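Take a look at the structure below.
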C-alpha cells in the first residue's frame, strides 16, 4: 500500500521494526473481509477464496508497506469492498488515537472507495460506519493478528485460521443483519 503522507509522515520506524499501526491497518482489512464473508458462507474458511496471504514489510527506502492478497473466486460487492477498504484505516486510527478520515485519506484506500462512490456503487459514510462497527466489535482479534503479524510479517489462510480459530470463531453478522440486508442491495 502506498501512503501519501499526513498522519503517516510521523517517524514511526524504530530499529527497522514494522510499526504496529501498519499491522493493525492490514489486520483491519482482513478481519472485515472475514466478517463479511462469514455473513454469506462459513465454508469459505476452508479454501483460499477468502484470502491468500497478508504481509507487511519495509521497502528499500525504509517506508512501511502492507498488502492483503485476496482470493477472488467469490467476488464481493462494491459495497463490501468499500467496507473492507475502510476497515484498515479505521483500525489504524483507533491504534493511533487519530481521526479515521485522516488515516483514510493518507493512503490508497480512499481512492478505492471514492471510485466506487463516484459510480454510485458504494457510499463512503456507510463504509466508514460499517467498518467502525466491525473494528469495534472485533478489536481483540485485530490486535491479536496485528501483534502476531508485526513479528512474523507474512501469514497465509491456514496460519490466520489457527491463530484466530476461525472454525469456532464469533461472527458479528447473520443472514438478516449483514450490511446488504440492512441497507438494501
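Odds and ends about this structure:
- Averaged over residues, the count of other Cβ atoms within 10 Å places the peptides 134-147, 80-93, 164-177 in the sequence 80-93, 134-147, 164-177, highest first.
- Length gained on full extension, residue 99 to residue 69, computed as 0.36 nm times the residue gap minus the Cα-Cα distance: 8.2 nm.
- Inter-part distance, the stretch 56-96 to the stretch 136-185, computed on C-alpha centroids, equals 13 Å.
- One chain, two ends: residue 125 and residue 180. Fully extended at 0.36 nm per residue, the span grows by 18.3 nm beyond their Cα-Cα distance.
Every read-out reported here was derived from the displayed coordinates using simple, explicitly stated rules and does not represent laboratory data. As the structure is a prediction and not an experimental result, all values here were calculated from the model. Ideal geometry is used to build each Cβ from the backbone, glycine not excepted, and the neighbour counts take in all protein chains shown.
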